[in-house]
Structure formats: structure tokens, C-alpha cells
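Worksheet: one structure, shown below.
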Amino acid sequence: MDQTRSDSTSFHAKLVRDQFDNLEKHTQWGIEFVERYNKFVKDRTDIETSYAKQLRNLSKKYQPKRNSKEEEDQRYTSCQAFVTVLNEMNDYAGQHEVIAENMSGLIYAELSRYIQELKQERKLHFQEGRRAQQHIESCWKQLEASKRRFERDCKEAERAQFHFEKMDNDINVTKADVEKARQQAQTRHQMASDSKGEYSSALQNFNKEQHEHYYTNIPNIFRKIQDLDERRIVKIGESVKTFSEVDRQVIPIIGKCLDGITKAAESIDEKHDTQLVVEAFKSGFEQPGDVDFEDFSLPMKRTVSESSLSNSRSDGKQESKSGKSKGKLWPFIKKNKGSGPEDFSHLPPEQRRKKLQQKIDEITKEIQKESDQRDGLTKMKDVYIKNPQMGRPESVDPRLAEIEQTIEKLRQESQKFEAWLAEVEGRLPVKTDPPRRPSEMPELPSTAVNNCAQDRESPDGSYTEEQNQDPQSKVAAQSEFDDEFDDEEILAAIGTCKAMYAFEGQNEGTIAMAEGETLRVIEEDKGDGWTRVRRSEDEEGYVPTSYVEVYLDRNTKGAMTYI
């Protein structure tokens with residue numbers, strides 16, 4: 001029975017050791033699982049951070065650049081909506097940064113700290129279990145040692161008793177030897193009795209330790225390990241819940257961002273945008289009138305008159321033959337190579353008005369900028385006057401004088417453009433003198449110089465004949481003009497044109513026309529800004545192309561309209 005009990009004790013000890021091994025493996029797996037989950041949170045945090053950065057870069061990339069055409073396009077509602085989308089995406093990126101920050105602080109950092117605590121607590125529990133196991137094994141060894149000693153002493157006592165009895169029955173043995181054998185037997189019996197007491201005491205102590213070990217110590221350690229694992233599982237659950245709540249907290253703000261994008265989409269007004277295009281590109285010209293019937297059945301009669309282009313042809317020939325070299329046709333036909341005249345007279349009325357207004361606004365900004373600098377310098381001068389140690393007041397005067405001159409020049413420029421704008425908008429009286437024939441144009445003084453737009457002869461910025469040109473130059477130009485048209489055939493009309501503005505035609509070779517008048521086109525614009533027209537059988541000349549709407553016949557030059 002003792003052997004059976006010993007085997008049972010060994011079995012339970014081995015079972016406890018096996019359970020500790022299993023629990024140690026399981027708890028190690030639990031810690032590794034927490035570490036794996038925490039690594040997942042870290043990777044999600046990195047993704048959110050990278051995504052937010054990419055969204056911000058995307059929003060920045062497509063933002064309209066300052067002082068560029070993209071910034072001008074912001075007047076369209078569709079472009080404004082797109083900018084709203086970019087701004088909302090920037091806020092959207094901010095919410096992903098919040099997600100990354102909260103996950104990093106509330107989950108990753110917290111779990112990293114908890115994992116260290118978990119490892120330390122687990123280590124303590126298993127150390128305690130190993131100590132308990134070592135203690136019970138030590139008690140068992142002590143019991144086994146006392147048991148073997150008791151067994152040995154009992155066998156020795158039995159052998160001593162047998163020896164005593166044998167000698168006592170032997171008649172050949174002396175009495176002294178018998179007494180010695182008896183004392184030896186008593187000593188062995190006493191040792192066996194002592195060993196029995198020690199064994200009994202060791203057994204009671206082991207049973208007590210074993211009961212405490214299996215019913216108190218080991219269960220307590222197992223409960224601690226179980227509690228450790230349960231708290232680990234609870235922590236995982238809390239972290240998963242926090243993982244969800246971090247996203248949920250930003251959903252309302254993300255929803256507002258998406259609502260902003262939806263609102264931006266709903267704010268797009270196609271009528272408003274197309275109207276802006278109409279306002280930006282409309283010319284301001286009136287619609288063309290009906291085309292008059294041209295009767296080619298009647299022979300054309302060219303009469304020589306003062307207004308005819310062939311006027312003074314013979315005189316021109318004589319002057320040309322007298323040694324004048326032939327140059328370009330007319331000085332005023334020379335095409336302007338620049339970006340157009342300063343008053344934008346080469347543009348249609350509506351476009352011209354916008355350009356003039358834009359120029360006035362730019363000048364106004366420059367004036368305000370210079371005025372701000374002047375005010376700043378004036379304050380600085382006042383400070384210098386009150387505190388001479390900070391600087392000399394007169395050192396600011398040159399710069400103030402320079403700014404005053406600049407402001408005065410800008411004001412003069414502004415007045416000039418305002419006058420042109422007033423002319424375009426009809427706020428100033430416009431000349432309505434009846435058209436005069438070129439021969440009726442009075443001779444102007446050679447010193448007459450005027451920079452105003454109404455004194456320019458070429459509306460598209462082309463070079464005009466200077467009014468102070470000497471008579472010999474005029475004669476040479478007339479001679480060249482006459483030579484160009486010597487012996488030319490009568491040109492057939494290739495279309496019609498309608499005058500959008502009145503033109504006085506004061507230069508040689510030009511023809512006057514009234515606003516709304518319809519003329520025949522006999523030679524289209526060659527790129528110099530002038531179109532050759534005919535009013536009647538005896539009157540033809542050149543008019544500015546930008547002053548007329550030209551309608552070419554399909555059977556001549558194709559259907560083209562210059563507006």
C-alpha cells in the first residue's frame with residue numbers, strides 16, 4: 001500500500017509539472033498574440049499617417065497657383081467647387097492624422113507598456129510555482145530518506161535479535177558474548193524505534209505539505225495565471241473596442257467633409273459659368289444687317305473726282321518720274337509689330353472696355369501701394385523728428401519725393417485710361433461730324449501733336465501718318481499711291497461690309513463711312529489692318545478692318561466674317 005501511495009504521489013507531482021509546462025507555453029503564446037496585435041495597430045498607424053500625408057500632398061498639388069490663369073479661373077462655380085473639394089480633402093487628411101495619433105497613443109503605446117507588465121507578472125507566477133514544486137519535492141525526498149532509514153534500522157534490529165537468540169541457545173557461547181549480543185539487539189531495537197518516530201514525523205509533515213501544495217499553493221498559482229490570462233484577453237477586447245472608437249470619433253467630422261463636397265457639387269451653376277464666358281468674350285458689336293443686292297448688269301463708271309483714288313494720277317506720275325524713288329505704299333498701312341496700341345483701340349468695344357478697366361484697377365493698386373509706402377515713410381520721419389538719435393529726418397525726403405513723383409505719374413496714367421474708358425462707355429461726347437472726302441480734309445498745322453486715342457488715325461494700332469509731315473513727303477506718298485494704281489483694271493466686288501463705327505477718312509487713299517453704312521469689298525485685308533471698299537461707281541478707298549464687319553461671297557473667297 002505504501003508503494004501504491006508513493007506511485008500516486010509521483011504521478012501527481014509529474015502531472016503538476018506537466019500542467020506548469022502547458023500553462024507556460026499557453027501564456028507565452030498569449031503574450032506573443034498581444035505583441036502581434038500591437039504590431040498590427042502600429043502598421044495601421046503607419047498607413048493612416050502615410051495616407052494623410054499623401055492626401056495633403058494631393059490637395060496641395062492641385063491647389064490653384066497664385067498669380068496664374070488657374071487663379072483667374074476661380075470665378076467659375078465648377079472651379080470653386082473643385083477648390084472646396086481640395087480643402088475638404090485636406091481636412092479629411094487631418095482626421096486620418098487624428099486616427100493615427102489616437103491609435104498610437106491609446107492602443108500601441110498602452111499595449112507596449114502592458115506587454116512588459118504582463119511578461120514580468122508571468123515570470124513571477126511561474127517562479128513561485130517552481131519554488132512550490134521544488135519545496136514539495138524536497139519534502140518528499142526527506143520522507144523517502146526517513147522511510148528508508150526506518151526500514152534499514154528495522155532490518156538491523158531483526159538481525160540483531162536473531163543473532164542474540166542464536167547465541168543464547170548455543171551452550172558453547174560464553175555468558176559475556178550472550179550479554180553483548182543482547183545489548184546489541186536492544187540498541188538496534190532502540191534505533192529502529194527512533195527511526196520509526198522520525199519517519200512518522202516526516203510522513204505527517206509531508207502529508208501536511210502535500211495537502212497545502214495541492215489544495216492551496218498550486219491552485220492559488222494556477223488562479224493567478226488564469227487571472228493573468230483573463231486580464232490579457234480583456235485587454236485585447238478593450239483595445240479592439242478602442243480601435244473601433246478611434247475611427248468612430250472622426251466619422252462625424254469626415255461626414256461634414258463629405259457634406260461640404262456634396263454642397264460644393266450642388267453649388268455648381270452651369271448658367272452662371274456660361275454667362276461668365278459670354279461676358280468675357282463678347283465683342284460688343286451689333287448684329288449685321290441685311291446684305292444689299294449688287295447689280296452687276298450695269299457697267300461701272302469710274303469718274304475722276306477729288307475723292308477718287310485715281311485723283312491726281314498724272315501729277316503723281318510726273319512727280320514720281322522726276323526722281324522720287326518708289327518706297328512702301330502708304331506709311332499709315334504699316335502694321336504695328338507690338339502688342340497693340342496703348343488705348344486697346346484694336347480690340348472690340350466690350351473687350352476694350354474690360355482691358356481699360358483692368359488697367360485702371362492695376363494702376364489703382366499701384367497708387368495704393370505707393371501711398372502706403374509714403375505713409376510709412378511719413379511716420380518714420382515723424383519718429384525721427386521726435387527722436388533725433390534714431391535718425392535724420394531729412395534722410396527720408398528723397399524717397400518721399402520719388403514716391404510723390406511716381407504717384408503723380410500713376411494718377412496721370414489713370415486719368416488717361418479713364419478718359420478712354422469714358423469714351424468707350426459713352427460717358428464722353430463722341431465726334432459725329434459727317435464724313436468728308438479726302439480732298440476736303442483741311443491742312444493741319446505741323447506742330448499738332450496729341451496722344452489721345454481720338455486723334456489716332458489707325459484704330460488697330462498701325463502706324464499713322466504724322467500730321468507734321470512735310471508737304472514733299474505727302475507728295476511723294478501720293479505719287480507712290482498713284483503709281484501703284486496706274487493702269488489697273490476695275491476690281492469686282494468680292495463681298496460686302498458693314499461699318500460698326502464712323503470713320504472720317506482724313507488720310508489720302510482712305511474713304512469716309514458712317515456707322516451702319518454698307519459698302520462693297522473689292523480687296524480684303526492683306527495683314528496690314530486695312531480693307532479696300534467701294535461705295536458707289538465713282539468712290540472707293542481703304543477703311544480700318546477693325547471698324548467693319550466683312551462678309552465675303554462663297555464663290556470668291558469662301559464664307560468668312562471678320563468681327
Placed amide H near I522: partners under 5 Å, 5+ positions off or other chain
I494, R532, V533, R534
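Step through the table entries K155/K196; K39/K235; K65/K263, compare each Cα-Cα distance with 19 Å, and write down the pairs that go over it. All intermediate terms of the calculation are to be shown ahead of the outcome.
Working: K155/K196 12 Å; K39/K235 15 Å; K65/K263 24 Å.
Check vs 19 Å cut-off fails for K65/K263.
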How much accessible surface area, in Å² rounded to 10, belongs to the heavy atoms of E179 with a 1.4 Å probe?
70
Pairs K60/K359; K147/K175; K69/K354; K282/K369; K354/K416: which exceed 25 Å Cα-Cα?
K60/K359; K147/K175; K282/K369
Would you grab the residues whose amide H sits under 5 Å from the one on V548? Only those 5+ places off in sequence or on another chain, please, with H modelled 1.01 Å from N.
M500
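For P64, what is the net charge nearby, where nearby means another residue's Cβ is under 10 Å from its Cβ and Lys, Arg count +1, Asp, Glu -1? Let's see the in-between values first.
Working: positive: K65, R66, K69; negative: E70, E71, E72, D73.
Neighbourhood net charge equals -1.
Rg/Rh for the range 156-267: what does it come to with C-alpha atoms and Rh from Kirkwood? The partial results should precede the final answer.
Working: Rg = 41.9 Å, Rh = 22.4 Å.
Ratio value, two decimals: 1.87.
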Which whole-percent values make up P(r) of the range 340-402 when all C-alpha to C-alpha distances are grouped in 10 Å steps starting at zero?
20, 29, 17, 16, 12, 5
Cut-off 20 Å, label 7 Å out along Cα→Cβ of E408, residues of the range 370-394 by amide N
370-378
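If the viscosity is 0.890 mPa s and the temperature 25 °C, what translational diffusion coefficient in µm²/s does Stokes-Einstein give for the range 139-222 when Rh comes from Kirkwood over Cα pairs? If you can, show how the numbers build up before the last one.
On the way: Rh = 14.9 Å.
In µm²/s, the coefficient rounds to 164.
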Can you run phi through the Karplus equation (6.51, -1.76, 1.60; θ = phi - 60°) for the range 413-424 and list ³J(HN,Hα) in whole Hz, with x for Gly and Pro?
4, 4, 4, 4, 5, 5, 5, 5, 5, 4, 5, 5
Set Lys and Arg Cβ to +1 and Asp and Glu Cβ to -1, take the dipole of the range 179-287 about its Cα centre, and tell me which of A202, Q275, V234 lies farthest positive.
A202
Computed FRET value (nearest 0.05) for L58 with L400, which takes r as the C-beta separation and R₀ as 60 Å
0.75
How large is ³J(HN,Hα), in whole Hz, for each residue of the range 191-205 in order, when computed from phi with the Karplus curve 6.51 cos²θ - 1.76 cosθ + 1.60 and θ = phi - 60°, using x for Gly and Pro?
5, 5, 5, 5, 4, 4, x, 5, 4, 4, 5, 5, 5, 4, 5
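Taking the Cβ of T77 as the centre, find all other residues whose Cβ is under 9 Å away and add up their charges (Lys, Arg: +1; Asp, Glu: -1). Mind dumping the intermediate values first?
Details: positive: R75; negative: D269, E270, D273.
So the environment of T77 carries a net charge of -2.
Only sites in a loop by DSSP and with at most 16 other Cβ atoms within 10 Å count here; which chymotrypsin sites (Phe, Trp or Tyr not before Pro) in the range 30-90 make the cut? Walk me through the numbers before you get to the answer.
Working: sites: F33, Y37, F40, Y51, Y62, Y76, F82; in loops: Y62, Y76.
Listed in order of number, the matching sites are Y62.
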13 Å beta-carbon shell around T216, net charge (K/R +1, D/E -1):
0
HN-Hα J in Hz across the range 532-539 - Karplus 6.51, -1.76, 1.60, θ = phi - 60°, x for Gly and Pro
8, 10, 9, 8, 9, 5, 10, 8
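The values are calculated or read from the model by the stated rules, or taken from the named source; none is laboratory data. Computed from a prediction, not measured in an experiment: that's the story for all the values here. No Cβ is skipped: glycine too gets one built from the backbone with ideal geometry, and neighbour counts run over all protein chains shown. The area values use the complete protein model at the heavy-atom level, side chains included, leaving out ligands, DNA and RNA. Shrake-Rupley method; radii C 1.70, N 1.55, O 1.52, S 1.80 Å.
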